[in-house]
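First comes the structure, then the notes that go with it.
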Amino acid sequence: MEWVAPSNHSPQLFALERQKTQALANASALPALAATLALALDCETVVVRMRDTKHHWTSAQYGATGLGCLLEQSIALAAADYAGPLIAADAAVHPLLKDHPLVASDAKVRSFAGIAAFAEADDSGLGEAVGVICALSSERREFGPQAATLLESMSELMTSLYTQHIELHRHARASAALEEDAEGTRRLQRQFRQAERIAAIGSWRLSLDGKQMDWSEGINTIHELPIGADISLEDAIDFFAPADRIMVQRSIERAIETGEGYDFEADFVGAKGTAKRVRVSGELEIANGRPAALVGVLQDISEKHRLIKELEYRTQNDALTGLPNRDRFNEKLAIAVRSTMKSGAPLGVVLIDLDDLQSVNDNVGRAAGDALICRASAILRSNWLRGSFAARLGGNQLVLLLKDDQHLSDLASVLDRLLAELTAPIEYNGKIVPTGASLGASLLHDGDACSGIELLEHADRALHAAKRNVGARFHISCALGCGQCEVDDNQNEASVKRAHRAA
């Protein structure tokens, strides 16, 4: 089905004098509005458009360019006919959007959030929709409950801007003395500050000669500075973490020299010492076809960053002990094996079974079993095992990856000490808790060839050998699995090396 633009707009509705539209287009707040909405709704593109009878004129735009089009083709018209915010997480199924070419054919627009701006009625009969602000994304966005509130605030801001510019234009014809509507300006500033607070965003403008830097109040808030405090560009860069300052400086210089915009995340420390994560973006402001300034947005994304890091930690670490989990250990093991195959340095894997864990769970309680596991994980983190990598594979099984020459040169002594610490009785709620353990180790020597999975399998077989061998609590085998170079705690470990060389 072909998309058809709404047809209930009379010609007089869009009969705006072009110079009026251009006056609004020059409003310095519009680019900041577009950037604020883009970052607040996490959309790649935001356009602010004003209309006459033939074209949509792009007054401000953030993100992708080249989306301007004839009035009857513009997807922004959908919001102009809608009462209130038009929000579609999936434009492909929305009745007002699904047939538009950008949605149905090009698939450039997946999510849409927009609202119309209205001008006050005057003697000419104008007073309905004069334009829209809309956010577009090529990916599905589940807009939160604040999206509608933010869009309504943006609509009011656009209306205020439009009204002020039209009034200034009219008064300019009648008189050279233009009087600003002070209360309207204060209201506009309050609304803009509110939008900044909602999105935790601040905007800034830097003249290309570097002599003038203007900040919004949102920037002062993020920097933890008093409202109105002046600061130089050099001092502003010093708020970033030392490792990120060069990146910030070079991004600004490159944007000024080449016109290339930037958008990245960085670590940041406020004036009161608060560590933050911020999103930094900037691009050139073009006036009369020439670069005039560098404008940008700073957003505090500390909470979002914290949640992402917390999720990453939970997916890589065991919840009870904090040790790396099986997936993370497998990644580490694969890297270590590749390094050993390249360098010839030895590598060892030690599998650890806490033999009495099930009995402790059944007879003393799971809390005691958890305490036993946590005690074992703390032992594997001991300073004397520094340089090793410990993980919990699940249940009663832990694992230790050994790379230190001192540990590997006398592995039997390391396993003896490890067993002594792991099997030392612990007291829990007045009861002595038994703590048996078995160890199986596998060594990868210079010249051996095996994968991480194979090395782990040899350690598992060594573990079962230790359990079968009465009187032995650990068992060591080589990565070749030849059966000739093996040793347990009843034997001399040197035999494993002699047998390995013979094999």
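Nothing in this text is a laboratory measurement; each read-out follows from the coordinates by a stated rule. What you see is a predicted model, and the numbers here were worked out from it, not measured in a lab. When we count neighbours, we look across all protein chains shown, and the Cβ atoms used for this are built from the backbone with ideal geometry, even at glycine.
A 27 angstrom limit on the alpha carbon distance is what I want to check against. Which of K272/K309; K309/K342; K276/K332; K98/K304 exceed it?
K309/K342; K276/K332; K98/K304
What residues qualify as long-range amide H neighbours of L208, i.e. H under 5 Å apart, gap of 5 or more or another chain, H built at 1.01 Å from N?
Amide H neighbours of L208: L294.
Out of residues 5 or more away from S59 or on other chains, whose amide H comes under 5 Å of its own, with H placed 1.01 Å from N in the peptide plane?
V48, R49, M50
Quickly rank 152-160, 92-100 as a protection proxy: mean count of other C-beta atoms within 10 Å, highest first.
Ranking the peptides 152-160, 92-100 by packing returns 152-160, 92-100.
Rounded, prolate or oblate for region 200-313? Axes are the square roots of the Cα gyration tensor eigenvalues, ordered a ≥ b ≥ c, and the cut-off for rounded is a/c under 1.5.
Prolate, because a/c is 1.5 or more and a/b exceeds b/c.
Run the simple label-point estimate for D404 and H305 please: 7 Å along Cα→C-beta, distance reported in nm.
Using points 7 Å along Cα→Cβ, the separation is 3.3 nm.
With a/c under 1.5 counting as rounded, go ahead and sort region 251-310 into rounded, prolate or oblate using the C-alpha gyration tensor (a ≥ b ≥ c being the square roots of the eigenvalues; past the cut-off, prolate if a/b is larger than b/c, else oblate).
Note, shape of region 251-310 comes out prolate.
For S281, S477, S105, what ranking results if the residue with the fewest other Cβ atoms within 10 Å of its Cβ goes first?
S105, S281, S477
Measuring from label point to label point, each 7 Å out along Cα→Cβ, what is the A229 to A107 span in nm?
Spacing of the two 7 Å Cα→Cβ label points: 5.0 nm.
For region 277-391, just say rounded, prolate or oblate: build the C-alpha gyration tensor, square-root its eigenvalues into a ≥ b ≥ c, call rounded for a/c under 1.5, and beyond that prolate if a/b exceeds b/c, oblate if not.
oblate
Of the listed peptides 410-420, 424-434, 132-142, what is their order by residue-averaged count of other C-beta atoms within 10 Å, with the highest listed first?
The peptides rank, most packed first, as 132-142, 410-420, 424-434.
In whole Hz and in residue order, list the ³J(HN,Hα) couplings for region 377-388 that follow from phi through the Karplus curve 6.51 cos²θ - 1.76 cosθ + 1.60, θ = phi - 60°; x for Gly and Pro.
For region 377-388, the Karplus-derived couplings read 5, 5, 4, 5, 9, 4, 4, 5, 9, 4, x, 8 Hz, x marking Gly and Pro.
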